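One structure is given here, and the rest of the page talks about it.
The values are calculated or read from the model by the stated rules, or taken from the named source; none is laboratory data. Keep in mind the model is a prediction, meaning the values are calculated, not measured. Cβ placement follows ideal geometry from the backbone for every residue including glycine, while neighbour counts extend to all protein chains displayed.
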Amino acid sequence: MIIEPRTRGFICLTSHPTGCEQNVINQIEYIKSKGKIDGAKKVLVIGASTGFGLASRITSAFGSDAATIGVFFDKPATEGRPGSPGYYNTAAFEKHAHQAGLYAKSINGDAFSNEIKEEVVNLIKEDLGQVDLVIYSLASPVRKHPNTGKRFKSVLKPIGEVFTNKTVDFHTGKVSEISINPAEGEDVENTVTVMGGEDWKMWMDALSKENLLAEGATTVAYSYIGPEVTKPVYRNGTIGAAKDHLEATAFTIAEDLKAINGNAYVSVNKALVTQASSAIPVIPLYISLLFKIMKENGTHEGCIEQIQRLYSERLFGGDLDLDEKGRIRIDDLEMKEEVQAAIAELWKDATSENLAEIGDLKGYSDEFFNLFGFKVDGVDYDADVNEMVQIPSIK
Ligand code: NAI
Ligand code: NA
């Protein structure tokens, strides 16, 4: 079939298998071009099909020749209806990993559930014995709690007072003011339940109970801090409370892992266009200004550049360079004072009329479509494609 982008609000309803494969190939080529990383050899990535998780899986496999198991929640295609991008990304990843002689298997299902944890435990037992790196990169708006069956929803709201600021609809370029009402009821607790560290710890407990963590095993989860302008809705908001919890959980897990000389870290990453970040008001405007400045400075990075640097310089480079709260910071280039000062200036002036010029609106929009395999260089979108692409390890 011929597949075109069909958008509704912050989501794109279709995705393109050839474009997704090309994205994966580009990331693989980037990692190969940067040379080998003396890193982990048996890696579990939870949230492995898009964004930072996919980049982590690719970096492990093609940077360190690692065997990888990837867990994610994606939709396969049905006749005439494309699958989700993560499904096509993983199909492409496995294909190229297998061609390179690398072990790669995937599990598609709810990572929050006991069943999927058990499936992964069994797969590690059968195939790898143990793992030496666990990347935790889930981004989800909901979580069904495995003990109670209760469904929790995360929200993106400020805490305490209404937050009013500028935002942009990146499809139209229209800059407008948005007001977001503060969290109420159990919004904060619910968001912490979904995006905090409880599930990360459950994963680590499940693995360690079965002795599946190798001596010296490391686990890393991803967090975000960001600038002053987004603070009320991000870091000081409901999602920030969840990130505080995630970051605190790193210390609890690190204690548990002492028995095997292992460790647990949070890495604070740069703001990037992903499915998760496109849904947060105010952030797209910030990102479009950030990209403009960082591209001008020559310091712009995408997911793969970020994770390549995380692995080669910090995790396996001998210098974690932790901040005062014990976190790895690969948002260092984003958070540079000059960069933030330049954005703060542009922020005041940004309007629908000038944003295309003072911000990287086109870059934002292109990257958004890239997530779904569209507008990828070198892909012939007029060509007939088979939407029924399968992930080799999933029957
Ligand atoms: P993403 O939306 O690209 O990827 C999320 C992954 O989680 C996908 O593989 C998806 O299939 C999987 N997933 C979601 N729900 C699942 C479930 N119930 N069971 C199994 N798999 C599930 O997200 P992104 O942006 O890569 O985020 C990953 C982490 O990085 C998050 O913790 C996020 O807060 C953090 N981060 C994101 C930044 C950004 O700008 N996008 C910046 C800094 C950190
Ligand atoms: Na991810």
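The table for this structure:
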{"item": "Number of the condition not met by F251 [criteria: (1) within 15 Å of ligand 1 (Cβ to nearest atom); (2) of a type in the set (F, W, Y); (3) surrounded by fewer than 24 Cβ atoms within 10 Å (Cβ to Cβ)]", "result": "(1)"}
{"item": "Long-range neighbours under 9 Å by Cβ, at least six apart or interchain, first residue free of Cβ contacts under 8 Å to residues at least 40 places away in the same chain within segment 197-213, second of a type outside the set (F, W, Y) and surrounded by fewer than 19 Cβ atoms within 10 Å (Cβ to Cβ)", "result": "K209/V121"}
{"item": "Which numbered condition D360 misses (of (1) at pLDDT below 95; (2) among the charged types (D, E, K, R); (3) crowded, with 22+ Cβ neighbours inside 10 Å)", "result": "(1)"}
{"item": "Residue list for segment 244-256, restricted to those being aliphatic (A, V, I, L, M) and free of Cβ contacts under 8 Å to residues at least 24 places away in the same chain", "result": "A254"}
{"item": "When residues of segment 284-300 are limited to those that are among the β-branched types (V, I, T) and without any contact (Cβ under 8 Å) to a residue 60 or more places away in the chain, the one farthest from ligand 2 (Cβ to nearest atom)", "result": "I293"}
{"item": "Tally of residues being modelled with pLDDT of 95 or more, farther than 16 Å from V233 by Cβ and in a loop (DSSP other than H, G, I, E, B) across segment 148-174", "result": "3"}
{"item": "Yes/no for V43 being touching a residue at least 60 places away in the same chain (Cβ under 8 Å) and under 23 Å from V268 (Cα atoms)", "result": "yes"}
{"item": "Residues of segment 306-337 classified as part of a helix (DSSP H, G or I), touching a residue at least 40 places away in the same chain (Cβ under 8 Å) and either within 23 Å of T252 (Cα to Cα) or not hydrophobic (A, V, I, L, M, F, W, C) (or both), total", "result": "7"}
{"item": "Qualifying residue in segment 210-232 (condition: away from ligand 2 (no atom under 16 Å from the Cβ), under 20 Å from E115 (Cα atoms), in a helix (DSSP H, G or I) and not small (G, A, S))", "result": "no"}
{"item": "Unmet criterion (only one of (1) in a helix (DSSP H, G or I); (2) touching a residue at least 60 places away in the same chain (Cβ under 8 Å)) for S140", "result": "(1)"}
{"item": "Criterion: free of Cβ contacts under 8 Å to residues at least 12 places away in the same chain and surrounded by fewer than 24 Cβ atoms within 10 Å (Cβ to Cβ) - qualifying residue of R8, R81", "result": "R8"}
{"item": "Residues of segment 257-275 satisfying the condition of being away from ligand 2 (no atom under 16 Å from the Cβ) and either in a helix (DSSP H, G or I) or without any contact (Cβ under 8 Å) to a residue 60 or more places away in the chain (or both)", "result": "L257, K258, A259, I260, N261, G262, N263"}
{"item": "Check on E177, assigned to a helix (DSSP H, G or I) and free of Cβ contacts under 8 Å to residues at least 24 places away in the same chain", "result": "no"}
{"item": "Among the candidates E126, E115, residue that is within 14 Å of W203 (Cβ to Cβ), away from ligand 2 (no atom under 16 Å from the Cβ) and without any contact (Cβ under 8 Å) to a residue 60 or more places away in the chain", "result": "E115"}
{"item": "Filter pass, A91 being assigned to a helix (DSSP H, G or I) and away from ligand 2 (no atom under 16 Å from the Cβ)", "result": "yes"}
{"item": "Considering residues of segment 30-68 that are under 27 Å from I2 (Cα atoms) and part of a helix (DSSP H, G or I) only, the residue farthest from ligand 1 (Cβ to nearest atom)", "result": "L54"}
{"item": "Unmet criterion (only one of (1) assigned to a loop (DSSP other than H, G, I, E, B); (2) touching a Gly at 6+ places or on another chain (Cβ under 9 Å); (3) modelled with pLDDT under 95) for V379", "result": "(3)"}
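Per-residue answers, yes or no, for (1) in contact with a Gly (Cβ under 8 Å, 6 or more places away or on another chain); (2) assigned to a helix (DSSP H, G or I):
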| site | (1), (2) |
| --- | --- |
| S277 | no, yes |
| S288 | yes, yes |
| F368 | no, yes |
| V389 | yes, no |
